[in-house]
1. From the set of residues in region 66-79 that are modelled with pLDDT of 75 or more and polar (S, T, N, Q), which is surrounded by the fewest Cβ atoms within 10 Å (Cβ to Cβ)?
2. If I go through region 66-81 residue by residue, how many of them are within 18 Å of Y163 (Cα to Cα) and either under 10 Å from the mean Cα position of the chain (by Cα) or assigned to a loop (DSSP other than H, G, I, E, B) (or both)?
3. Identify all residues within region 131-173 that are farther than 16 Å from S46 by Cα, at pLDDT below 80 and not polar (S, T, N, Q); write none if there are none.
4. State all residues of region 160-175 that are in a strand (DSSP E or B) and either free of Cβ contacts under 8 Å to residues at least 40 places away in the same chain or surrounded by fewer than 16 Cβ atoms within 10 Å (Cβ to Cβ) (or both); if no residue qualifies, say none.
5. Being assigned to a loop (DSSP other than H, G, I, E, B), modelled with pLDDT of 75 or more and closer than 28 Å to K168 by Cα: is that true of S29 here?
6. Identify all residues within region 82-104 that are modelled with pLDDT of 90 or more, open to solvent by 20 Å² or more (accessible area, probe 1.4 Å) and out of contact with any Phe, Trp or Tyr (no Cβ under 6 Å at 6 or more places or on another chain); write none if there are none.
7. Please go through region 118-139 and give me each residue that is within 15 Å of T165 (Cβ to Cβ) and not in a loop (DSSP other than H, G, I, E, B), ordered by number.
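The values are calculated or read from the model by the stated rules, or taken from the named source; none is laboratory data. Everything quoted here is computed from the prediction, not taken from an experiment. Cβ placement follows ideal geometry from the backbone for every residue including glycine, while neighbour counts extend to all protein chains displayed. Surface areas here come from the heavy atoms of the whole protein model, side chains and all, with no ligands, DNA or RNA. Shrake-Rupley method; radii C 1.70, N 1.55, O 1.52, S 1.80 Å.
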Amino acid sequence: MKLEMVIKFLILFVVIMLFIFPTSAEGSSTSSQTVSVTIPETTAVSANYGNSSTIFIGPISQGTNEITINNVYFANPSNVDTEIWIKASGDLTGTSTASTISLSNLKYIIPGLGAAGELTDQYTKACVLKKPKQGSSNSGMGVDLQLKIPYGTTPDTYTTTIYFTSLKFNSDAPV
C-alpha cells in the first residue's frame with residue numbers, strides 16, 4: 001500500500017512538473033524588451049559674476065558718471081527654446097543713508113545678441129535663446145550692466161537685486 005501511494009505521488013509530481021516546466025517549450029538565443037523614458041521640458045537659468053553671486057563694483061572715482069560692468073554670466077541649461085526675462089527689485093538704495101539712484105539709470109546689454117534696455121521692477125524680455133544641441137554644454141552668455149551715476153550722488157554703497165528668469169519660448173510674461 002505504501003509503495004502504491006509513493007508511485008501515485010511520483011506520477012502526480014511528474015504531471016505537475018510537466019505543466020510547470022513544459023518540455024516542449026522552445027528556447028531562443030535572443031530576447032527583447034522595450035525601454036521607454038520621458039524627458040520633461042526644462043527651462044532654467046543661473047547667473048553669476050566671476051565666482052560670486054554678488055556684483056561688487058567697488059569704489060568709483062569721483063566725477064565718474066557712467067560705469068559698465070562686463071560679463072555678468074548666465075547659463076541656460078534648458079532643453080527647449082527659452083526666453084530670458086530680467087528685472088530689478090527697485091531703485092538702488094544706499095545702505096547707510098536713505099539716498100537712492102533711480103533704477104532708470106541701470107541698463108542691461110547683451111552684446112552677442114544686440115539686445116539692450118532699461119531695467120525696471122517688472123520683468124522685461126531680454127532675449128530668446130535656442131536650446132543647446134544635444135550633447136553640447138549649457139548655452140550661456142554674458143550680460144553687461146551699465147550704471148549712470150547722477151552728479152551730486154551722496155557717498156554710500158547702493159544696492160538692488162537683479163532677477164533673471166527663463167520661460168519656454170512664447171510663454172506669457174512672468175509676474
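1. This residue is T68.
2. 5
3. We begin by selecting, within region 131-173, every residue farther than 16 Å from S46 by Cα; these are 133-136, 145-160, 169-173.
Now restrict to residues that are at pLDDT below 80: 133-136.
If the condition is that a residue be farther than 16 Å from S46 by Cα, at pLDDT below 80 and not polar (S, T, N, Q), then K133, G135 are the ones that fit.
4. If we filter region 160-175 for residues that are in a strand (DSSP E or B), which is where we start, we get 162-168.
Scanning region 160-175 gives Y163, K168.
5. Values: assigned to a loop (DSSP other than H, G, I, E, B): yes; modelled with pLDDT of 75 or more: yes; closer than 28 Å to K168 by Cα: no.
For S29, the condition - assigned to a loop (DSSP other than H, G, I, E, B), modelled with pLDDT of 75 or more and closer than 28 Å to K168 by Cα - is not met.
6. S89, D91, T93, T95, S96, T97, S99, T100, S102, S104
7. Of all residues in region 118-139, those within 15 Å of T165 (Cβ to Cβ) come to 119-129.
Once the filter is applied, which keeps residues that are within 15 Å of T165 (Cβ to Cβ) and not in a loop (DSSP other than H, G, I, E, B), region 118-139 yields T124, K125, A126, C127, V128, L129.
To keep it simple, each residue is scored yes or no on (1) touching a residue at least 24 places away in the same chain (Cβ under 8 Å); (2) within 22 Å of A75 (Cα to Cα).
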| position | (1), (2) |
| --- | --- |
| A115 | no, yes |
| V128 | yes, yes |
| K131 | yes, yes |
| K148 | yes, no |
| G152 | no, no |
